[in-house]
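The values are calculated or read from the model by the stated rules, or taken from the named source; none is laboratory data. Keep in mind the model is a prediction, meaning the values are calculated, not measured. As a convention, Cβ positions derive from the backbone with ideal geometry for all residues, glycine included, and neighbour counts pool all protein chains shown. The protein model used for the area step is the full one, side chains on, heavy atoms only, and it has no ligands, DNA or RNA in it. Shrake-Rupley method; radii C 1.70, N 1.55, O 1.52, S 1.80 Å.
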Amino acid sequence: MSQPEYQSISPSDFFYRNREIAGFSNPSRATYTAVRELIENSLDACEARIVPPDIFLRISEVGDQKDTETKIYILRVEDNGTGLPAEHIPRAFAQVFYGSKYELKQARGTFGLGGTMAVLYGQITTHKPVQVTSSIGGEIHEFVMNIDIQNNSANVLKHNVKANPTKWQGTAVELQMDGDYSRIMYKLIEYLKQTAMVVPYADITYIDPRGRLYKFERGTLKMPPLPESVLPHPHGVDVETFKRLIASKKAKDMKQFMMDNFQGVGTITAERFLKLAKINPNMSPKKLTPEDLVRIVRSTKEYGDFKRPIATCLSPIGEELLETGITKELSLTEEDYIKVVTRKPSTYLGYPFIVEAAVSTGRTIRKTHGSGITLYRFANRIPLLFDEGSGVIWKAANKNINWKTYSVDSDTPLVIVVHVCSIKIPYKSVGKEFMADQPEVEKEVTNAIREAARGVRGYIRRRSRIQRERRRLNIFAQFLPKIAEFSAKLAGYDEPPDVEPLLEAVSATLPEVEENIEEVSRIVESSE
Ligand SMILES: Nc1ncnc2c1ncn2[C@@H]1O[C@H](COP(=O)(O)OP(=O)(O)OP(=O)(O)O)[C@@H](O)[C@H]1O
Ligand SMILES: [Mg+2]
């Protein structure tokens, strides 16, 4: 029997071999994921700079290519975000697991992988380097580079520094990749539309491979408040985090250590907790034995009096902005029902999260979406477009809620929007496609939808009453002139009475009809 050969591989090499787990499973999906990753990085950078994002996306075909299924495309994404300091550019784009978003605060990016994966996929399918142009306000740095996949490091091929007379700040990334645009076109446009829905303060311009221009204009300049980084919550730590904190932080004793390194731990909590964990508050953290460490971490789960996790590390969209975004992208009118709710923060496994939900129904929704439920799912302002049935949001909307109690039947057009934001979204894969079941998240999502749907029943009933009245009034309008003429003749008048005011009232648009019902009865009464 031959001996197996042992070797170690780098993170880049791992994702090169297993790219499907990062969303790069085939040419069409890879096209979609590459765009999504680059746009998300751009949006994160603009939000970090607190400027309304101006995002430019262009996908173009390289030269003259035969009519094959997949083609080589040039992908270009530009933003007006923070830009990157020159010394970080090579690693940020050409080293897997290098990034600036490992802090405990909400961001789209979490893994330090997405943008680099797009570069890696481009490289392995076209053998072309990536070009990154960026400035943090000073000089403009232009890098051309590729990834040394086996060593997980950047290979800088060119680095130019240019003057920046206009003080431009932002980043432009351009790469080539083998993709399949025609298969993913609708999904991609849907992604941009849904992004515009939850980032209503962004202007997104897209030029597709046929040169068609898509513009998603911002509906507001207001932005949600920036999330702040927070200390870890004791409920969320494990032995490894604890060990790292002990190694990296100075504290004279355990009581001080607990107070300095965890959120919501003051003198009294620290003393009570350490008593429960059977740790002397005056001992030095460096003297903890492995058994002590395990006991402390186990005790964090038992201690019930820690404060709830702080939610300032989260940045929900907010009811006003979310309503602006949905109304804009779904072209809702005043006749449609829309209710948006932002719930209070909750927690799962020590991580805070907030659920926002919106429910909309009405004539516009029927025209654009048809009957039945259409679900829009978002996590940290990222649209989740794949595997709808596997996610927790689908379950909450379709299984946990009895829609009959809201007078919603299978013919009712209903749009449900759910946004979950957290410092740790329980994604099932690094491709960020859907969320794993977490009972706390499921419960909150269900409650949020219920709260937003509370007014639906009243709206539906009022609408069907108005429609009935409208039908009745239409008949009235049809026969009134004849009745007037006939009555005038019977009464011996030369001229029939003027029925115009009544007819005007009955020909009004739907939301005015209810008002006009009263108006008509007044006119009828006064002419009696
Ligand atoms: N357009 C950009 N503007 C500013 N910084 C950027 C931009 N794109 C990438 N970066 C930097 O490069 C880092 C790596 O990006 P990458 O997409 O690989 O990982 P990430 O966004 O941190 O996490 P994720 O894997 O979840 O996307 C980011 O953390 C960020 O610091
Ligand atoms: Mg990213």
TODO: Mind giving me the nanometre distance, one decimal, between the label points for Glu388 and Tyr6, set 7 Å out from Cα along Cα→Cβ?
DONE: 4.9 nm
- [ ] Ignoring everything but the protein chains, give the 1.4 Å probe accessible area of Tyr493 in square angstrom, nearest 10.
- [x] 150 Å²
- [ ] Of all alpha-carbon pairs in the range 102-148, indicate the percentage at a distance above 13 angstrom.
- [x] 65 percent
TODO: Subtract the Cα-Cα distance of Thr405 and Lys250 from 0.36 nm times their separation in residues, and report this length gain in nm to one decimal.
DONE: 50.0 nm
Task: Flagged links, alpha-carbon separation over 26 Å, of Lys66/Lys187; Lys307/Lys339; Lys249/Lys278; Lys301/Lys424; Lys301/Lys428; Lys167/Lys193 - done: Lys307/Lys339; Lys167/Lys193
- [ ] Multiply the residue separation of Gln478 and Glu320 by 0.36 nm, subtract the distance between their alpha-carbon atoms, and state the gained length in nm to one decimal.
- [x] 52.6 nm
Open item on the list: Only four residue types carry charge here, +1 at the Cβ of Lys and Arg and -1 at the Cβ of Asp and Glu. Report the dipole size of the chain about the Cα centre in Debye, rounded to the nearest 20.
Closed with: 2020 debye
Task: Estimated distance in nm for a label pair at Lys105 and Arg454, the labels positioned 7 Å out from Cα along Cα-to-Cβ - done: 3.3 nm
- [ ] Starting from the residue with the highest accessible area, list Lys287, Lys301, Lys367, Lys187 in decreasing order, probe 1.4 Å.
- [x] Lys367, Lys287, Lys301, Lys187
Task: Cα pair distances in the chain, grouped into 10 Å bins until the bin that holds the longest one, percent each - done: 3, 15, 21, 21, 17, 10, 6, 4, 2, 1, 0, 0
Open item on the list: How tilted is helix 456-491 with respect to the longest principal axis of the chain? Cα atoms for both, answer in degrees (0 to 90, nearest 10).
Closed with: 20 degrees
Open item on the list: Residues of the range 154-192 with backbone nitrogen within less than 20 Å of a virtual label 7 Å along the Cα-to-Cβ line of Asn26, please, listed as ranges.
Closed with: 177-191
TODO: Sum -39500 (n - 2.57) across every DSSP H segment of at least 4 residues in the chain, then divide by the residue count to get the 222 nm mean residue ellipticity, nearest 500.
DONE: -12500 deg cm²/dmol
Task: Estimated FRET transfer efficiency (Arg462, Glu190; beta-carbon r; R0 41 Å; 0.05) - done: 0.80
TODO: Could you tally the net charge around Lys105, taking each other residue with its Cβ under 13 Å from the Cβ of Lys105, Lys/Arg +1 and Asp/Glu -1?
DONE: -1
TODO: List, in order, the whole-Hz ³J(HN,Hα) value for each residue of the range 312-325 obtained from phi through the Karplus relation with A = 6.51, B = -1.76, C = 1.60 and θ = phi - 60°; use x for Gly and Pro.
DONE: 5, 7, 9, 9, x, 5, x, 4, 5, 5, 5, 5, 4, x
Task: Candidate aspartates and glutamates - alpha carbon under 20 Å from Lys367, same-chain residues fewer than 8 apart omitted - done: Glu190, Glu323, Glu329, Glu334, Glu335, Asp336, Asp409, Asp411
- [ ] Quick one: work out the % antiparallel among DSSP beta bridges in the chain, nearest 5.
- [x] 80 percent
Task: Net +/- balance of residues flanking Lys187 in space, Cβ distance below 15 Å, scoring K and R +1, D and E -1 - done: -1
Task: Selection from Val341, Gly362, Leu314, by position along the positive dipole direction of the range 301-365 (Cβ) - done: Leu314
TODO: Using only the Cα atoms of the range 64-160, construct the convex hull and provide its projected area averaged over every direction, in square nanometres to one decimal.
DONE: 8.0 nm²
Open item on the list: Give the aspartates and glutamates reachable from Lys489 as a straight Cα distance under 19 Å; neighbours fewer than 8 places away on the same chain don't count.
Closed with: Asp498, Glu500, Glu528
TODO: State, to one decimal in nm², a quarter of the convex hull surface area for the C-alpha atoms of the range 107-196, i.e. the direction-averaged projected area.
DONE: 7.9 nm²
- [ ] Compute the long axis of helix 181-198 from its Cα atoms, compare it with the longest principal axis of the Cα atoms of the chain, and write down the angle in degrees, 0 to 90, nearest 10.
- [x] 80 degrees
- [ ] Quote the accessible area belonging to Thr110 in square angstrom, nearest 10, computed with a 1.4 Å probe and with ligands, DNA and RNA left uncounted.
- [x] 40 Å²
Task: Per-pair calculated FRET efficiency, R0 = 60 Å: Lys275 and Ile124 via Cβ, rounded to 0.05 - done: 0.60
- [ ] Along Cα→Cβ, 7 Å out, is where each label goes; now give me the distance between the ones at Asp208 and Lys307 in nm to one decimal.
- [x] 5.1 nm
- [ ] Under 20 Å from a label point 7 Å along Cα→Cβ of Glu291: give me every residue in the range 216-255 with its amide N that close.
- [x] 239-240, 243, 254
TODO: Report the FRET efficiency, 1/(1 + (r/R0)^6), for Asp260 and Phe97, where r is their Cβ-Cβ distance and R0 is 25 Å, rounded to 0.05.
DONE: 0.35
- [ ] May I have the convex hull volume per residue, in Å³, for the Cα set of the range 134-244?
- [x] 264 Å³
Open item on the list: What is the sum of charges, Lys and Arg at +1 and Asp and Glu at -1, for the other residues whose Cβ falls under 14 Å from the Cβ of Asp44?
Closed with: +2
Task: Accessible surface, 1.4 Å probe, highest first, among residues Ser135, Ser429 - done: Ser429, Ser135
Open item on the list: For the chain, take the longest principal axis of its alpha carbons; what is the angle in degrees between that and the long axis of helix 267-276, to the nearest 10 within 0 to 90?
Closed with: 70 degrees
Task: In Å², nearest 10: area of Leu274 left accessible to a 1.4 Å probe - done: 0 Å²
